[in-house]
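Have a look at the structure below, then the notes.
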Amino acid sequence: MEKPQQCHGHLSVQYSPLRLLSRFFTITALVLLQGVALGQDSAEGADLTGTLAVHVRGLKSGDGNLRFVLFDSKKNFLKNPVRAEVVEIKDRQGTWTIEGLPYGTYAVLVHHDVDLSGTMKRHWYGKPKEPTGVSNDAPAKFGPPKFEKAKFQLQSPTLTLAITVK
């Protein structure tokens, strides 16, 4: 290290031009390497998306339409869907396809709106009067199905599910 010198009441260190140049290149190289590493991290962590196709089985009629809702967490399940769509029934079948869906954990609920009322009619004790189904055909015992039973992972470019309505 260079010897400190007094300059205007402060100590200062004077480096040779060669040493300054060497430090400049060292710092520049470190910054560039860090930038490359950050670029790789952001590329690896980029939001990957896929396509989800949900087929409905067990329709007893071709009347009405299918109302799909997609949930992304236990907290939002049956309360705050991230996507919803109405799909026409053709030949007593219906499929909901979502493209560009970010990889993650989800659950799907489908309601066969037989009378086209736009709402899910329920018995006085809460059970739906019209056919419904949930991803993984999660059972509804003494209340609505649980997110833990209905959840699935979208981790590939395409995922196809089948839900049976009852």
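Our summary gives region 49-164 a relative contact order of 36 percent, counting only alpha carbon pairs under 8 angstrom and 6 or more residues apart. Listed cross-link partners 90/151; 79/121; 141/166; 74/121 are compared with a 21 Å cut-off, the Cα-Cα value being larger for 90/151; 74/121. The three principal axes of the C-alpha atoms in region 49-164 carry coordinate ranges of 38, 33, 20 Å, sorted with the longest axis first. The phi-based Karplus calculation (6.51 cos²θ - 1.76 cosθ + 1.60; θ = phi - 60°) puts the 3J(HN,Hα) values of region 81-93 at x, 8, 8, 8, 7, 9, 10, 6, 9, 10, 6, 6, 9 Hz, whole numbers, x for Gly and Pro. Evaluating 6.51 cos²θ - 1.76 cosθ + 1.60 at θ = phi - 60° for every residue in region 61-66, the Karplus couplings come out as 8, x, 6, x, 8, 10 Hz, glycine and proline recorded as x. Computed from phi, the 3J(HN,Hα) profile of region 107-113 under the Karplus parametrisation 6.51, -1.76, 1.60 (θ = phi - 60°) reads 9, 10, 10, 10, 10, 8, 7 Hz, with x in place of Gly and Pro.
Readers should treat all values here as calculations from the given coordinates under stated rules, not as data from a laboratory. Everything quoted here is computed from the prediction, not taken from an experiment.
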